[in-house]
Amino acid sequence: MFDDRLIRVDMTNLSASVEPFPETWKLLGGRALSARILLEECDPQCDPLGPDNVLVMAPGVLSGTAAPTSGRISIGGKSPLTGGIKEANAGGNPGQDLMKLGYRAVVVKGQPADPDQRYALEVRKDGVTVVPADDCKGLWNYALIERLAGRYSATASFISIGPAGEMKLSGASVACTDQDQDRRPARHAARGGLGAVMGSKGLKFVMVDPEKTPVRRPADSKAFFGLCKSYTKEFREGPKANVFKYGTSAVVPVANMLNTFPYKNRTEGQSPDAQTLDGARIVESFESRGGGMHNCMTGCVVQCSNIVHDADGNYKTSALEFETLTLLGSSCGIASWEDVADLDRLCDELGLDTIETGAALAIYMDSGEMEFGDAEGAKRILGEIAEGTELGKAIGNGAVAIGKRQKHARVPVAKGQALPAWDPRPLKATGVTYCTSPMGADHTAGLIVNPGLSPDQFAQASQESQLINAACDSSGFCQFLQPTMPEIAEFYSHFYGEAVPKEAVAEIGWQCLLDEWKFNEGAGFTAADDALPACLTEEGIGPDHSLKFDVPADVVAQAKAERFPEREELWTTKATG
Amino acid sequence: MPTVLIPPPYRGPTGGLEALAVAGTTVRECIEAVDADHPGFAAQVFDAAGTPHKFVKLFVNGDPSPPEAPVGAGDEVEVLAAIAGG
């Protein structure tokens with residue numbers, strides 16, 4: 001009953017075609033689908049910015065359905081930042097719009113003969129087309145979407161890159177427009193430089209217009225819609241519903257308390273600026289300036305995204321997240337959330353990962369070239385990225401690149417990717433994730449905020465978290481909905497009208513990890529890469545600077561050596577990122 | 001005795017323990033009883049003035065409850081830290 005299809009785009013010949021989506025892949029979506037396609041169709045030894053890399057855009061299995069908070073889209077490819085497989089996902093509406101039209105993935109290959117030309121992919125009910133887009137060359141993301149909004153239907157959504165992607169910088173993100181009427185390019189598949197891969201293919205944007213196409217129709221409508229209703233009701237009306245109502249920025253004080261609010265390039269785990277960077281300050285601004293909380297994609301019940309206004313009441317940015325406040329704020333010694341909002345907007349405009357860019361700026365400051373806390377200097381450097389200066393490019397290429405330029409040793413990365421806020425020294429199981437995840441240092445790959453775990457629990461906790469998060473990132477559900485695998489299985493069962501056991505969902509997550517590890521092995525990664533740098537193993541934070549990442553390599557290795565036997569807790573573990 | 005459920009982020013002081021049966025007749029007394037054996041726990045729940053941190057919510061048997069709420073034998077005191085990724 002599902003006429004699902006796959007879009008293939010050949011950027012060498014500037015053509016696009018549609019083919020049937022394999023029935024055997026119907027439970028593969030998002031990250032797992034991207035991993036399978038990359039393993040089968042992409043040479044892991046290829047140049048990430050060359051014609052042989054494959055860029056995948058894959059909505060989750062439930063995207064485009066009525067399931068709450070289920071519209072995530074994964075962007076995948078070989079990362080120019082890590083040299084390994086990469087998946088980064090985002091909210092907004094393009095994932096849902098593709099799926100409403102029955103498109104399970106967009107697979108982009110090749111490269112135009114002329115690297116100075118820009119193109120776009122138009123996806124409509126009646127077909128897909130590659131069209132010239134030179135008039136959009138060099139446009140910043142917001143100006144681009146403003147132009148496209150005037151060109152295309154009000155029902156269209158967009159996937160785009162900014163100048164950083166066009167310049168093929170390793171910190172470049174892929175932007176998706178959110179569900180609001182303004183369709184702001186504020187949702188970013190940010191990590192791993194996939195915007196550079198899109199830029200290397202000359203693809204400036206993808207336009208998806210579902211027109212008035214309704215949500216995907218489930219096989220068992222009564223059961224599926226009933227589940228959507230009861231799940232939503234439970235989420236909204238449960239006693240703990242309001243705990244997370246102000247989004248991730250409200251995490252600042254508790255993260256600071258737990259020594260995982262890094263300060264000045266992670267030389268400390270706590271910041272004296274936790275009060276001024278606390279998301280509570282943003283919430284307080286809503287009353288006088290406007291802005292507020294909203295949902296980034298249609299049908300989201302979590303509504304964790306903030307809209308931040310400036311002192312004059314004008315829109316500034318969205319969403320100003322905990323990670324951004326940490327990496328562009330605390331880690332750079334920048335104390336004002338308003339300065340971080342400016343930097344966040346600049347990153348969104350240029351199409352840059354705020355984590356990687358913040359980490360690069362902090363390393364630059366730590367090397368002595370600029371004072372910590374110099375917010376105006378940081379903004380000036382982001383401007384240099386747009387101008388293409390040598391320093392700008394080094395910052396835009398991320399933490400390792402600026403570390404090499406400055407000959408600076410304190411470069412907190414895993415597999416070439418900057419660490420997010422969550423620090424592996426108090427949170428050692430999360431550190432095991434950073435070591436073993438095919439993604440490198442990525443908290444969304446398997447976050448465990450539990451400083452009380454004993455060493456014998458680190459590997460299994462990390463593996464289970466990686467597994468459930470991989471399953472979640474394949475489903476289309478947002479990690480902030482915190483679904484369990486049995487819950488995902490129930491949605492799948494009702495959508496397809498056949499029993500999908502929870503074990504099958506776990507297998508999808510595990511197979512996704514196996515596919516990704518296999519790709520990375522082919523790319524040349526070895527066990528020696530499953531480690532953190534000396535600045536995290538030898539330099540301590542917290543009381544008496546005693547917290548170091550000291551998990552032995554043999555314990556780290558257990559997280560990916562083989563699958564741990566299933567235990568009952570696996571089925572109640574929630575996706576967390 | 002009431003049981004205090006410890007959220008994962010707060011299990012540092014308890015050495016990973018997920019739940020503790022303690023003597024106490026209010027939520028606050030229960031939290032302080034945990035702290036007596038596991039120093040540092042109460043500071044994660046209350047600020048210097050003894051008020052719950054803004055990012056902490058307290059529940060008794062699933063219902064939101066203030067620190068002075070009475071608890072009895074068999075009740076579950078749950079501490080929830082508002083924490084999500086980013």
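Just so you know, all these numbers are worked out from the coordinates, no wet-lab data involved. Because the structure is predicted, anything quoted here is derived from the model rather than measured. Here the Cβ positions follow ideal geometry from the backbone for every residue, glycine too, while neighbour counts run over all protein chains shown.
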| remark: With the dipole of the protein assembly as shown defined by +1 on each Lys or Arg Cβ and -1 on each Asp or Glu Cβ, the option from A:Gly102, A:Ala441, A:Asn520 whose Cα lies farthest towards the positive pole is A:Gly102
| task | Mind pulling the per residue volume of the convex hull built on the Cα atoms of the range A:443-577? Å³ is fine. | result | 126
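Apply the Kirkwood formula to the range A:118-213: the hydrodynamic radius equals the inverse of the mean of 1/r over all pairs of different alpha-carbon atoms; give it in Å with one decimal. Don't skip to the answer; put the middle values down first.
Numbers: mean 1/r = 0.0762 Å⁻¹.
Across the range A:118-213, the inverse of the average 1/r is 13.1 Å.
Just checking the output field for A:450-457: average partner chain Cβ neighbours within 10 Å of each residue's Cβ? Before the final figure, lay out the partial values.
Working: counts 9, 8, 13, 5, 2, 0, 0, 1.
For this peptide, the per-residue mean of nearby foreign Cβ atoms is 5.
Do the sum for chain A: with -39,500 (n - 2.57) for every DSSP H run of n ≥ 4, divided by all residues, what is the mean residue ellipticity at 222 nm, to the nearest 500 deg cm²/dmol? Numbers along the way, then the final one.
Values: 20 runs with 208 residues, N = 577.
It lands at -10500 deg cm²/dmol.
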| field | Cβ-based charge dipole, the protein assembly as shown, positive-most Cα from A:Met365, A:Pro112, B:Ile31 | value | A:Pro112
| message | Quick check on packing: order A:176-183, B:47-54 by the mean number of other C-beta atoms within 10 Å, highest mean leading. | response | A:176-183, B:47-54
| remark: Scoring the range B:3-81 by relative contact order with C-alpha pairs under 8 Å, at least six apart, yields a percentage of 36
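Give me the tail of P(r) for the range A:5-208 as a percent: Cα-Cα pairs with distance above 21 Å. Walk me through the numbers on the way to the answer.
Numbers: 9209 of 20706 pairs.
Summing the P(r) tail past 21 Å for the range A:5-208 gives 44 percent.
At a 10 angstrom cut-off on C-beta neighbours, averaged per residue, how do the peptides A:294-301, A:525-532 rank from highest to lowest?
A:294-301, A:525-532
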| said: Let me confirm one metric for peptide B:11-23, namely the mean number of other chain beta-carbon atoms within 10 Å of its residues' beta-carbons. | reply: 2
| Out of residues 5 or more away from A:Ala441 or on other chains, whose amide H comes under 5 Å of its own, with H placed 1.01 Å from N in the peptide plane? | A:Ala414, A:Gln417
| Violating pairs (Cα-Cα greater than 18 angstrom) within the set A:Lys168/A:Lys204; A:Lys78/A:Lys201; A:Lys78/A:Lys574; A:Lys407/A:Lys428; A:Lys109/A:Lys393 | A:Lys78/A:Lys574; A:Lys407/A:Lys428; A:Lys109/A:Lys393
| field | Dimensions (Å) - chain A, Cα atoms, principal axes, largest first | value | 63, 56, 52
| request: Throw me the Rg/Rh for the range A:31-151, computed over C-alpha atoms with Kirkwood Rh, two decimals. | output: 0.97
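For peptide B:49-56, compute the average count of partner chain beta-carbon atoms within 10 Å of each residue's beta-carbon. Mind dumping the intermediate values first?
Details: counts 0, 0, 0, 0, 3, 6, 12, 3.
What the average comes to for B:49-56 is 3.
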| Qualifying lysines (Cα of each under 17 Å from Cα of A:Lys222; at least 8 residues distant if same chain) | A:Lys233
| query | What lysines could a cross-link reach from A:Lys316, if we take a straight Cα to Cα line under 19 Å and drop same-chain neighbours fewer than 8 places away? | reply | A:Lys379
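Under a point-charge model restricted to the Cβ atoms of Lys and Arg (+1) and Asp and Glu (-1), what is the dipole moment magnitude of the protein assembly as shown relative to its Cα centre, in debye to the nearest 20? It would help to have the intermediate numbers written out before the result.
Values: 60 positive and 88 negative charges, 275 e Å.
Dipole about the Cα centre, nearest 20: 1320 debye.
By average Cβ neighbour count within 10 Å, what is the ranking of A:194-207, B:11-24 from highest down? Before the final figure, lay out each step's value.
Numbers: A:194-207: 28.4, B:11-24: 16.4.
Put in order of decreasing packing, that is A:194-207, B:11-24.
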| remark: The aspartates and glutamates whose Cα lies under 20 Å from the Cα of A:Lys548, excluding any fewer than 8 residues away in the same chain, are A:Glu268, A:Asp366, A:Asp423, A:Asp442, A:Asp456, A:Asp529, A:Asp530, A:Glu538, A:Glu539
